[in-house]
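Trainee: Take this structure, written in structure tokens, and hold onto it; I'll ask about it next.
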Amino acid sequence: MFFNISLKSIAYAGLISNLALVYAKTDCDVLSDLFKGFKAESKISWKENTNSCCELSGIECSSDRITKIDLRENGFKGSISSEIGALSELNHLELRSNEITGDIPNTIASLAKLKYLNLSINKLNGEIPKSVCSLKNLVGLYFYTNQLKGSIPDCIGELTNINELCLDNNKLEGNIPSSIGNLSNLKLLDVEKNQLSGIIPESFSKLKNIEKINLQGNSGLIGNLPNVPSIKTCSYANTNLCVKEGSDICTNNLRKCTEDDFKKVEEFKANSDNKNNSNSSNSNNSSTDNNDSNNNSNDGKSGSGSGISVGVIILIIALVLLAIIGAVFFYRKKKNDQEEEDDDKMIRSLSKKNILPLDSQASSSSPQSPKPEKSFVVLSHVEEDDSLPPKLTIDENIFNYVDVNAKANLSLHEDSKISRASTGINQEQYQNQIQYQNLLNNQSYYLS
């Protein structure tokens, strides 16, 4: 039985999976979700579960899979649907110059083949999600002119294939992460008009291929520029940056550093070190507290270990006893059901030894005719003694019979002048009584 149930479960699971494949969303269905998120349902011109959206302007497909979305300047509002992560073949996403709001969905991390991502000139808010760092094939990342806040994620340095990184005109704050120095293929870095502060990381000197850098409008930036000779175009206006004497890098008329600039840099580094040490100390204290808590917890556990063990043992014993009682109860119930079934079978077998219904001849010779095709008199042995002849008894389940003689204390005959109504006997009972008496008088004729 268990094997059959398992086979059925597997069959049902296969059926469900097949149905899921049949009714799974196509890329065009995901594009419909995007349009709905942009409150542009009126632009959905294709049917559900089809791939006809590939004919839409700005959409490119390969083998019925969307590979490019270019929906710039469409006046889209609303937010980016999280369903976008289902477009696993997408390598180009362009939603520039719309009025899209909300956060950048974390599901964007599923777009492993994405090379170009441009969400610029919208009204996106929230932080730059760390899920962006999963887009290892990304070559161009453009989030400029939005309302993004928070800091630039440290993991941004994992995008080692990126050529252009444009995060300007947002509300980003904090320091420029030193991990940017790992972007060896970076050619353009634009973070102007944010609220960035601190120094330019020395790791910038590893950016051998960078050609353009724009840091202007971040008044919190201090200190000197690292030596990056490959820079050809630069902008540092409205910052507190400076350049060392004799430096041959792109400065764009940036002022020379003074002792006060170097002093500010040292103060910044000292504060940073203190913060790091404080964070490290808090982390260690937290770790120590956690260890102590764990130790205390372990001590408590060891102290109460015997109690827990006894409790578990008692629980197991109780479950075993319940299982035994349930098994006994089930066995007895099944046995009683079997006995009742055997009794029913025996009764059914005895009922086959019925007196045959009266035929036409008997019916004509008897004062009253019995009920057609009903056996109401059965044979039974007296005191279960097979040596004695069988005795006629009445099956009261199908025969409406009453002992008229006993009830009226009289012997009824057809010519009886006693009113049946006076004895409470109905017509059917009266006829059955006469018929039964006829059967008793003619046993040898009626036995089958």
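Trainee: Taking the Cβ of LEU207 as the centre, find all other residues whose Cβ is under 15 Å away and add up their charges (Lys, Arg: +1; Asp, Glu: -1). Numbers along the way, then the final one.
Mentor: Numbers: positive: LYS187, LYS206, LYS208, LYS212, LYS232; negative: GLU164, ASP190, GLU202, GLU211.
Local charge sum for LEU207: +1.
Trainee: May I pose another question? What's the FRET efficiency of ASN182 with LYS77 using the Cβ-Cβ distance as r and R₀ = 30 Å, to the nearest 0.05? Can you show the working numbers first?
Mentor: Working: r = 37 Å, r/R0 = 1.24.
Result of the calculation: an efficiency of 0.20.
Trainee: Using the Karplus curve 6.51 cos²θ - 1.76 cosθ + 1.60 with θ = phi - 60°, work out ³J(HN,Hα) for each residue of segment 81-87 in order, rounded to whole Hz, and write x for Gly and Pro.
Mentor: In residue order, the calculated couplings are 5, 5, 5, 4, x, 7, 7 Hz.
Trainee: Give the residue list of GluC sites (Glu not before Pro) in segment 42-138 that are DSSP loop and have at most 15 other beta-carbon atoms within 10 angstrom.
Mentor: Working: sites: GLU48, GLU55, GLU60, GLU73, GLU83, GLU89, GLU94, GLU99, GLU127; in loops: GLU48, GLU73, GLU89, GLU99.
Qualifying residues, ordered by number: GLU48, GLU73, GLU99.
Trainee: So, one more: For segment 219-269, which trypsin sites (Lys or Arg not before Pro) are both in a DSSP coil and crowded by at most 16 other Cβ atoms within 10 Å? Spell out each step's value before the answer.
Mentor: Numbers: sites: LYS232, LYS244, ARG255, LYS256, LYS263, LYS264, LYS269; in loops: LYS232, LYS244, ARG255.
Sites meeting the loop and neighbour criteria: LYS232, LYS244, ARG255.
Trainee: Taking the simple approach of a point 7 Å from Cα along Cα-to-Cβ for both GLU55 and ALA112, what is their distance in nm?
Mentor: Spacing of the two 7 Å Cα→Cβ label points: 3.3 nm.
Trainee: Can I ask one more? Mind checking the full-extension length gain between THR160 and ASN271? Use 0.36 nm per residue of separation minus the Cα-Cα distance, one decimal, nm. Working shown, then result.
Mentor: On the way: separation 111, 0.36 × 111 = 39.96 nm, distance 3.03 nm.
The span from THR160 to ASN271 would gain 36.9 nm if fully extended.
Trainee: Distance between the C-alpha centers of segment 25-104 and segment 194-240? Whole Å please.
Mentor: 37
Trainee: May I ask you to evaluate 6.51 cos²θ - 1.76 cosθ + 1.60, the Karplus curve with θ = phi - 60°, for each residue of segment 126-133 and list the ³J(HN,Hα) values in order in whole Hz, giving x for glycine and proline?
Mentor: x, 9, 6, x, 5, 4, 4, 5
Trainee: Based only on Cα atoms, what mean projected area does the convex hull of segment 164-275 have, in nm²? Intermediate values should be presented prior to the final figure.
Mentor: Numbers: hull surface 25.8 nm².
For segment 164-275, averaging the hull's shadow over all directions gives 6.5 nm².
Trainee: Picking from LEU124, PHE143, ILE162, whose Cα lies most toward the positive end of the charge dipole for segment 119-169 (charges on Cβ: Lys, Arg +1; Asp, Glu -1)?
Mentor: LEU124
Trainee: How much area per residue is accessible in segment 116-270 when the probe is 1.4 Å and only protein heavy atoms are counted (Å²)? Intermediate values should be presented prior to the final figure.
Mentor: Values: 6910 Å² over 155 residues.
Per residue, segment 116-270 has an accessible area of 45 Å².
Trainee: With a ≥ b ≥ c the root eigenvalues of the C-alpha gyration tensor of segment 128-168, is it rounded (a/c under 1.5), prolate (a/b larger than b/c) or oblate? Each step should come with its number before you reach the end.
Mentor: Values: a/c = 2.19, a/b = 1.35, b/c = 1.62.
Oblate, because a/c is 1.5 or more while a/b does not exceed b/c.
Trainee: Rounded to the nearest percent, how much of the accessible area of segment 74-186 (1.4 Å probe, protein heavy atoms only) is carbon and sulfur?
Mentor: 42
The values are calculated or read from the model by the stated rules, or taken from the named source; none is laboratory data. Note that the coordinates shown come from a computational prediction; the quantities given were computed from them, not determined experimentally. Cβ atoms come from the backbone with ideal geometry, glycine included; neighbour counts cover every protein chain shown. Surface accessibility is based on the protein's heavy atoms, side chains included, excluding ligands, DNA and RNA. Shrake-Rupley method; radii C 1.70, N 1.55, O 1.52, S 1.80 Å.
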